[in-house]
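One structure is given here, and the rest of the page talks about it.
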Amino acid sequence: MTFTLNPSSILSKRQKLFNIILLILAGEANFILPFVLARIFRPTVLDLFELSNLQLGACFSIYGIVAFISYLLGGSLADKFQPRYLMAFSLFLTALGGMYMSTYPSYMGLSLLYGYWGFTTIFLFWAAMIKATRIWGGQHRQGIAFGLLDGGRGLISFAFGWLGILIFSILLVNKIEDSSLLERKEAYRYIVLICSIIIALIGVLLIMVLKDHPHQQTSPRILSTRQVFNNYLNVIKLPSVWLLMIIILCAYTGYKITDIYSQYANEVMGYNETDAAAIGSNLLGIRIIIGIIIGLLADKTRSSLMMIISFTITIIGAFIFVSGLIQPDTTLLFGFTIITVATGVYAFRTLYFAAIQEGKIPMAVTGTAVGLISLVGYTPDIFMGPAMGILLDNSPGSLGFQKVFLMLAIFAIVGLIAAYFFHRINTRELPQEL
């Protein structure tokens, strides 16, 4: 069965607007608790949960291992079930995990929680969100569809980050450096609880407001084992799938390094915890602009060309960090370089799956393709946390961070090569129908 990707002829403009807004809200809300708060408040999280960099990295690794399995098993669900129900149930389960996190579990409990989140945020959610966005974009607007998705997700992260900072400033009577551990724990507990409630409410909105495109309204019967196997077999034969695995793996390595930006500001540049958190939150604001601009450029040119440029920008920024030129008194250079790396890294948040259309991957197996590509592409969730933890714990100060950025530069070079080959093999005109 073939069909033209033209959902605008079926859904009204108003409903399409509602749909993309809800996809944006859900797309970032589901990752606020496991990642965004830990990224923005990393020094605070390490202190309040009494964790080393390696221990926090191990939690991320456990998340990644469970997510690894969930990508594979959950991908085909998006090719059969309506996204709003899959995504809403996922949000409810993630919010429950936040309630548990607010009790300040032990390191073992936190490890199990991250494993739980590896299931709730991926198995039902990930492929469904990507497929719904691809359908929303239609034949010729994949760049802007995923640009709006990731730029909007950056806005949501930005908002959650500043909400957390606002809660801290309201609840802490003294400056954060003068507040007791108990006071900071109580303030962070409120941040986690409020975020959990918002996440659950977004799940309710998905069920009530999100409208499914007719191509998503499929019968809820389960695909036969043979059908699932054939889908995976067909997808794995596509060269674009293999190259996207490598590209996303290398690009996502860069995104994982955004976890340490606030810690860098705190430990190397000498910012206090609140100001360091503001650095992490403000960078999410850049993600909004980058997502939309890169999306528009990708639609005017090619996603693969923008990938090549983005990897090049990332490499330049990474090597400035590696050089050791950035010191506590070089604030402007620090700002310029961190924005440079963020520009290259955040660009890929738009390009990851906008490139599926350029890679000529059939719509009917989008969920399966996303599952397989993510299986390899998001393995940094498994190894980057412990790797950064070991480098930072064993080489305190700026040296440890330089080693982390050297690792980023190496991955970016490999990704640049893969993006070049992806561009070469997909130079033919895209088909009008899939």
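The values are calculated or read from the model by the stated rules, or taken from the named source; none is laboratory data. Remember, it's a predicted structure, so these values are computed and weren't measured experimentally. Positions of Cβ are generated from backbone atoms using ideal geometry, with glycine treated the same way; all protein chains shown enter the neighbour counts. The protein model used for the area step is the full one, side chains on, heavy atoms only, and it has no ligands, DNA or RNA in it. Shrake-Rupley method; radii C 1.70, N 1.55, O 1.52, S 1.80 Å.
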Using the structure shown, decide if residue 164 is surrounded by 24 or more Cβ atoms within 10 Å (Cβ to Cβ) and either free of Cβ contacts under 8 Å to residues at least 60 places away in the same chain or under 16 Å from residue 33 (Cβ atoms) (or both). yes
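Any residue in segment 38-45 that is within 16 Å of the chain's Cα centre (by Cα), within 16 Å of residue 386 (Cα to Cα) and either open to solvent by less than 40 Å² (accessible area, probe 1.4 Å) or aliphatic (A, V, I, L, M) (or both)?
Looking through segment 38-45, at least one residue is within 16 Å of the chain's Cα centre (by Cα), within 16 Å of residue 386 (Cα to Cα) and either open to solvent by less than 40 Å² (accessible area, probe 1.4 Å) or aliphatic (A, V, I, L, M) (or both).
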Could you please let me know if residue 314 is free of Cβ contacts under 8 Å to residues at least 60 places away in the same chain, assigned to a helix (DSSP H, G or I) and crowded, with 19+ Cβ neighbours inside 10 Å? no
Expected single match for modelled with pLDDT of 90 or more and within 22 Å of residue 427 (Cα to Cα) among 350, 366, 312 is 312
Restrict the check to segment 110-124 and report whether at least one residue is under 14 Å from residue 374 (Cβ atoms), without any contact (Cβ under 8 Å) to a residue 40 or more places away in the chain and in a helix (DSSP H, G or I). no
With the structure loaded, tell me whether residue 278 is small (Gly, Ala, Ser) and closer than 15 Å to residue 406 by Cα or whether it fails that test. no
Any idea which of (1) assigned to a helix (DSSP H, G or I); (2) crowded, with 16+ Cβ neighbours inside 10 Å is the one residue 326 doesn't satisfy? (1)
What is the number of the single condition among (1) closer than 19 Å to residue 146 by Cβ; (2) touching a Gly at 6+ places or on another chain (Cβ under 9 Å); (3) open to solvent by less than 30 Å² (accessible area, probe 1.4 Å) that residue 387 does not meet? (1)
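Would you confirm whether any residue within segment 273-280 is closer than 27 Å to residue 38 by Cβ, acidic (Asp, Glu) and at pLDDT below 80?
yes
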Would you mention how many residues in segment 244-267 are under 16 Å from residue 335 (Cβ atoms) and either among the charged types (D, E, K, R) or open to solvent by 20 Å² or more (accessible area, probe 1.4 Å) (or both)? 1
Complete set of residues in segment 305-314 that are farther than 10 Å from residue 340 by Cβ and β-branched (Val, Ile, Thr): 308, 309, 312
Restricted to segment 224-257, and to residues that are assigned to a loop (DSSP other than H, G, I, E, B) and either modelled with pLDDT of 60 or more or touching a Leu at 6+ places or on another chain (Cβ under 9 Å) (or both), which residue is nearest to residue 20 (Cα to Cα)? 238
Hey, can you tell me all the residues within segment 401-434 that are modelled with pLDDT of 95 or more and either over 28 Å from residue 389 (Cα atoms) or open to solvent by 90 Å² or more (accessible area, probe 1.4 Å) (or both)? 410, 417
Answer yes if at least one residue in segment 106-126 is surrounded by 24 or more Cβ atoms within 10 Å (Cβ to Cβ) and closer than 19 Å to residue 355 by Cβ, and no otherwise. yes
